[in-house]
Each structure stands twice: as structure tokens, then as C-alpha cells.
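Have a look at the structure below before the remarks.
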Amino acid sequence: MKIIDFHTHIFPDSLAERALNTLKSHSPEAKSYTDGTLAGLKKSMKQAGVSRAVLLPIATKPSQVATINKTCRDLMAPDTIPFGTLHPGADTFINDIAMLASSGVKGIKFHPEYQDFYIGEPLYFPIYEALQSSGLIVVFHAGKDPGPFTCDHALPPAFKEIHRNFPHLKIVAAHMGGWRVWSDVEKYMLDLPIFFDASAIREWMEPKEFVRLTRKHGTDRILFGSDSPWFDQGADIRWIESTDLTSSEKEKIFHKNAEALLGE
């Protein structure tokens with residue numbers, strides 16, 4: 001079966017080791033299953049049977065946006081789909097979005113904990129308006145985070161507010177709508193026409209609960225994701241394969257929903 005991993009991360013070869021060590025220092029329980037490089041990801045993909053991977057960069061400072069986004073074209077390949085980045089503190093977002101869209105980039109990634117912003121604040125609505133107009137996909141880290149953060153920057157009520165104001169914004173709320181806040185995901189988000197990715201949930205969610213939430217939200221709105229290098233792509237694939245989802249439901253999650261969202 002074709003598999004698209006909608007949630008992966010890589011770092012430049014010269015920075016990968018240092019980046020992994022820094023991020024692990026924020027969360028002592030964190031493990032890495034690749035060396036953080038593009039080559040390491042591709043090795044993992046081959047071993048796990050992943051056909052394509054969406055690469056999700058994060059600019060933790062406004063000054064990093066242009067440099068990261070310039071690499072997108074270089075990373076475009078049959079097996080990799082590089083997304084761009086924006087920083088909510090940068091006033092260049094109009095030009096940044098236009099450049100990404102004209103380059104054929106499919107979307108961008110926000111990590112509200114690392115970027116220190118509350119996603120539901122009206123201050124950021126002009127960015128969402130521009131993204132909605134561009135048609136770019138917006139992947140948000142959602143819910144808590146194992147790092148040293150307040151873990152309240154991207155909670156389910158805020159996603160409901162964003163969707164109310166920007167009903168055509170293409171949103172992917174990572175980690176099944178909100179990492180380790182799944183009761184609130186069910187309360188606030190299951191009626192919203194946005195996508196969830198299934199990354200970083202295997203160790204915290206029972207398979208039956210995943211199946212229940214998936215079917216309640218809609219199997220057309222769930223994307224496979226691993227959060228590599230922090231999680232083992234192969235183990236995450238096997239976990240979903242072991243659930244009671246039907247073959248057609250798994251096919252949607254593993255690739256068909258991603259293809260529809262990417263417009264392929």
C-alpha cells in the first residue's frame with residue numbers, strides 16, 4: 001500500500017546533531033529514530049515502506065523564515081514534499097506566502113509553543129486571511145508539548161474560533177487535533193471540517209480510542225503522520241495496521257486523504 005507520512009522533520013546536515021541534542025535536552029524522555037538529516041529520513045522511509053513524506057520546518061525566529069523557505073525548491077523530489085514556514089512575529093508574511101505559493105510549495109507549519117503565540121488571538125487573523133486566500137495548507141502543532149512550555153497556545157477552542165472566522169482555511173491540527181487533550185478535541189473539534197494527523201499518539205492513545213475518534217471525526221479527515229525523527233515510522237504504521245479499521249479506511253488514512261488535500 002502507498003503511504004504518505006504527513007508529519008516529518010529534518011535539519012541541515014551541519015546542524016542536525018546539535019538540533020537533536022538541544023531538543024532532547026528540553027524533554028529527557030525524547031528519543032530520535034533517525035539522525036535528523038534528509039538522508040536519515042529517506043533511510044527510515046525505505047525501511048518502513050513510506051512512499052512520500054511531508055517535511056515540516058519551524059522558524060523559531062523571524063530572521064530564519066527567508067533562509068528556511070529558500071531551501072524548499074531544493075527539497076522538492078518525488079518522495080519529499082517540503083512545506084515552508086512563517087513566523088507570527090515577522091511582518092513579511094504577505095511576501096513570504098506569495099513566494100511559497102508561486103514556488104509550488106503546498107503549505108506551511110506553525111508550532112505555537114516553539115514560536116510563542118496564541119493561535120486564536122485576532123492579532124494573527126491577517127496571516128490566516130492571507131493563507132486562506134493563497135490556498136496553502138496550514139499545519140499546526142496542536143495541544144500540549146513535552147518541552148518546557150505552557151502548553152496552552154493551540155487548544156481545541158482556539159481551532160473552533162479560527163475555523164469560524166476562516167472557514168476556507170485548509171487546517172491540519174497535528175496529533176489527532178491536540179496532543180493529550182483529546183477530551184477537549186472531542187468536545188470542540190469533531191464537528192469541524194479540518195484534518196487531523198495521527199502523529200505522536202501511539203504511546204498515549206489506545207487503538208480502540210483512535211478508531212472511535214477517527215470514525216467520529218470522519219475517516220476522510222485523518223492523515224497518517226509519524227513526527228519522525230521523534231517516532232519510528234515503521235512502528236506507527238504497524239500500530240494503525242493492527243487496529244480494527246477496515247482496509248478502505250486505512251487506505252484513506254495512509255495516502256488517499258493526503259492526496260486529496262494536496263490536490264494530487
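The values are calculated or read from the model by the stated rules, or taken from the named source; none is laboratory data. Keep in mind the model is a prediction, meaning the values are calculated, not measured. Neighbour counts are summed over all protein chains in view; Cβ atoms, including those assigned to glycine, are modelled from backbone coordinates with ideal geometry.
So Ser199 passes all but one of these: (1) within 23 Å of Pro157 (Cβ to Cβ); (2) out of contact with any Gly (no Cβ under 6 Å at 6 or more places or on another chain); (3) assigned to a loop (DSSP other than H, G, I, E, B). Which condition number does it fail?
Status for Ser199: all satisfied but (2).
Which one of these is over 17 Å from Ile162 (Cα atoms), hydrophobic (A, V, I, L, M, F, W, C) and at pLDDT 95 or above: Ile119, Ile108, Ile127, Ile94?
Numbers: Ile119 fails: over 17 Å from Ile162 (Cα atoms); Ile108 fails: over 17 Å from Ile162 (Cα atoms); Ile127 fails: over 17 Å from Ile162 (Cα atoms).
Selected residue: Ile94, the only one of Ile119, Ile108, Ile127, Ile94 that is over 17 Å from Ile162 (Cα atoms), hydrophobic (A, V, I, L, M, F, W, C) and at pLDDT 95 or above.
Among the residues of region 25-36, how many are surrounded by 14 or more Cβ atoms within 10 Å (Cβ to Cβ) and farther than 19 Å from Glu203 by Cα?
Adding up the residues that qualify gives 2.
Which residue, of Gly218, Gly225, is among the small types (Gly, Ala, Ser) and within 25 Å of Asp145 (Cβ to Cβ)?
The match here is Gly225.
Those residues that are hydrophobic (A, V, I, L, M, F, W, C), touching a strand residue (DSSP E or B) at 6+ places or on another chain (Cβ under 6 Å) and farther than 21 Å from Ala59 by Cβ, I need them from region 1-44; list them, please.
Answer for region 1-44, where residues must be hydrophobic (A, V, I, L, M, F, W, C), touching a strand residue (DSSP E or B) at 6+ places or on another chain (Cβ under 6 Å) and farther than 21 Å from Ala59 by Cβ: just Ile4.
List every residue pair whose Cβ atoms lie under 6 Å apart, where the two residues are 6 or more positions apart in sequence or sit on different chains, the first residue falls within region 71-89 and is closer than 10 Å to Pro57 by Cα, and the second residue, located anywhere, is of a type in the set (A, V, I, L, M, F, W, C) and modelled with pLDDT under 95.
Pro82/Cys72; Gly84/Cys72
Give just the number: which of (1) part of a helix (DSSP H, G or I); (2) of a type in the set (D, E, K, R); (3) within 13 Å of the chain's Cα centre (by Cα) does Lys109 not satisfy?
All conditions pass for Lys109, except number (1).
Any residue at all in region 204-214 that is free of Cβ contacts under 8 Å to residues at least 40 places away in the same chain, in a loop (DSSP other than H, G, I, E, B) and surrounded by 15 or more Cβ atoms within 10 Å (Cβ to Cβ)?
yes
Take the residues in region 112-132 that are assigned to a helix (DSSP H, G or I) and of a type in the set (Asp, Glu), then tell me which one is farthest from Ala260 (Cα to Cα).
Glu113
Just one of (1) crowded, with 17+ Cβ neighbours inside 10 Å; (2) touching a residue at least 60 places away in the same chain (Cβ under 8 Å) trips up Gly147, so point out which.
(1)
With the condition kept exactly as written, say whether any residue in region 191-201 is at pLDDT below 95 and surrounded by fewer than 18 Cβ atoms within 10 Å (Cβ to Cβ).
Yes, some residue in region 191-201 is at pLDDT below 95 and surrounded by fewer than 18 Cβ atoms within 10 Å (Cβ to Cβ).
Return the residue satisfying two criteria in turn: it lies in region 133-144 and is out of contact with any Phe, Trp or Tyr (no Cβ under 9 Å at 6 or more places or on another chain) and either aliphatic (A, V, I, L, M) or not in a loop (DSSP other than H, G, I, E, B) (or both), and of such residues it is surrounded by the fewest Cβ atoms within 10 Å (Cβ to Cβ).
Per the criteria, the residue is Ser133.
Identify, from the list Ile97, Ile162, the residue that is assigned to a helix (DSSP H, G or I), under 17 Å from Ile68 (Cα atoms) and among the β-branched types (Val, Ile, Thr).
Ile97
On the basis of being surrounded by fewer than 17 Cβ atoms within 10 Å (Cβ to Cβ) and farther than 22 Å from Phe117 by Cβ, does Ala39 make the cut?
Spelling it out, Ala39 is indeed surrounded by fewer than 17 Cβ atoms within 10 Å (Cβ to Cβ) and farther than 22 Å from Phe117 by Cβ.
On the basis of being within 18 Å of the chain's Cα centre (by Cα) and either surrounded by fewer than 21 Cβ atoms within 10 Å (Cβ to Cβ) or of a type in the set (Lys, Arg) (or both), does Phe11 make the cut?
yes
Taking the condition farther than 20 Å from Pro57 by Cβ, in a loop (DSSP other than H, G, I, E, B), touching a residue at least 12 places away in the same chain (Cβ under 8 Å) and not β-branched (Val, Ile, Thr), does Gly104 pass?
In short, no.
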